[in-house]
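Structure first, then comments.
The values are calculated or read from the model by the stated rules, or taken from the named source; none is laboratory data. Being a predicted model, the structure only gives us computed values, none of them experimental. Here the Cβ positions follow ideal geometry from the backbone for every residue, glycine too, while neighbour counts run over all protein chains shown.
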Amino acid sequence: MTSTDQSIPVITIDGPSGAGKGSVAQSLARELGYHLLDSGAIYRAAAVHALECEADIEDQNAVLATFESFNPRFEAGNPDDGVQVWLNDQNITGKLRNEDTASAASKIASLPAVRQALLASQRDFQRPPGLIADGRDMGTVVFPDAKLKIFLTASAQERAQRRSKQLKEQGITTTMQRLTQEIQERDTRDSTRSHSPLVAADDAITIDCSELSIEQVVKLILSELK
């Protein structure tokens with residue numbers, strides 16, 4: 001199946017880390033009864049696997065070699081827990097959100113051969129009755145013919161506050177200054193990379209959710225869909 005199959009609707013939600021794409025995508029998927037693709041989870045799972053294999057995450061050949069034993073599986077959790085991610089029969093959901101994994105995922109996502117290897121598997125998620133695709137290049141690269149494209153963003157400070165709250169709930173302490181700096185550095189790296197940079201598609205609708213709730217964002221998207 002390719003991204004040109006117009007018989008199966010796709011709604012893409014792209015944007016920087018911490019903008020709330022995952023929560024919005026899950027809410028939309030439940031509302032519409034669509035399948036869900038968390039492309040970031042695929043890259044984070046690949047990063048977890050590469051780290052556990054002790055591969056050099058900046059060497060694309062080394063990362064590609066780990067794909068021979070890379071067997072991720074996604075299971076829908078309840079609204080509070082979100083999607084559960086399994087890797088080779090091990091639940092790695094808890095490992096996906098730590099800073100080491102996030103940093104490694106961002107680095108391997110900048111490797112062209114790795115992105116190409118994971119492209120086909122992402123497009124396979126396009127199944128009836130429809131798909132909500134959450135990521136950073138869903139509307140520009142993976143599903144360029146999507147029915148509706150959203151670019152969801154928020155200020156670095158707001159995203160740092162949200163991330164700080166998540167970490168505190170996990171018993172992890174850090175500083176706002178460090179989180180904000182890491183987010184800004186990641187934004188720069190993702191938006192300036194030569195392959196599939198983080199940019200809004202030309203036909204995407206940009207939504208700044210710095211002062212909007214998840215419910216308000218979902219309502220805006222549903223109104224655009226109608």
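Quick notes on this structure:
- Considering Leu118, Leu131, the condition of being of a type in the set (A, V, I, L, M, F, W, C) and touching a Pro at 6+ places or on another chain (Cβ under 8 Å) is satisfied by Leu131 alone.
- With a requirement of 1 or more residues that are in contact with a strand residue (DSSP E or B) (Cβ under 8 Å, 6 or more places away or on another chain) and among the hydroxyl-bearing types (Ser, Thr, Tyr), the helices (runs of 4 or more DSSP H) lying completely within region 1-74 that satisfy it span 39-52.
- Selected residue [in contact with a Lys or Arg (Cβ under 7 Å, 6 or more places away or on another chain), buried (at least 18 other Cβ atoms within 10 Å of the Cβ) and over 20 Å from Ser103 (Cβ atoms)] from Leu152, Leu179: Leu152
- Given (1) surrounded by 15 or more Cβ atoms within 10 Å (Cβ to Cβ); (2) polar (S, T, N, Q); (3) part of a helix (DSSP H, G or I), index of the condition Ser121 fails: (1)
- Looking across region 194-206, the residues that are surrounded by fewer than 17 Cβ atoms within 10 Å (Cβ to Cβ) and under 18 Å from the mean Cα position of the chain (by Cα) come down to His195, Pro197, Val199, Ile205, Thr206.
- The residue list Ile183, Ile207, Ile172 contains one member that is more than 24 Å from Arg123 (Cα to Cα) and in a strand (DSSP E or B), which is Ile207.
- Verdict on Asp38 being at pLDDT 90 or above, of a type in the set (Asp, Glu) and either touching a Phe, Trp or Tyr at 6+ places or on another chain (Cβ under 7 Å) or surrounded by 23 or more Cβ atoms within 10 Å (Cβ to Cβ) (or both): no
- Screening Ala146 on (1) surrounded by fewer than 21 Cβ atoms within 10 Å (Cβ to Cβ); (2) farther than 25 Å from His49 by Cβ; (3) over 15 Å from the mean Cα position of the chain (by Cα) shows it passes everything except condition (1).
- Among the residues of region 59-70, those that are touching a helix residue (DSSP H, G or I) at 6+ places or on another chain (Cβ under 7 Å) and over 20 Å from Lys95 (Cβ atoms) comprise Gln60, Leu64.
- Members of region 1-16 that are surrounded by fewer than 19 Cβ atoms within 10 Å (Cβ to Cβ) and at pLDDT 85 or above: Ser7, Ile8, Pro9
- All positions within region 127-168 that are in contact with a strand residue (DSSP E or B) (Cβ under 6 Å, 6 or more places away or on another chain) and farther than 17 Å from Ala200 by Cα: Arg127, Leu131
- Of the candidates Gln126, Gln116, the single residue that is without any contact (Cβ under 8 Å) to a residue 12 or more places away in the chain and either assigned to a loop (DSSP other than H, G, I, E, B) or of a type in the set (S, T, N, Q) (or both) is Gln116.
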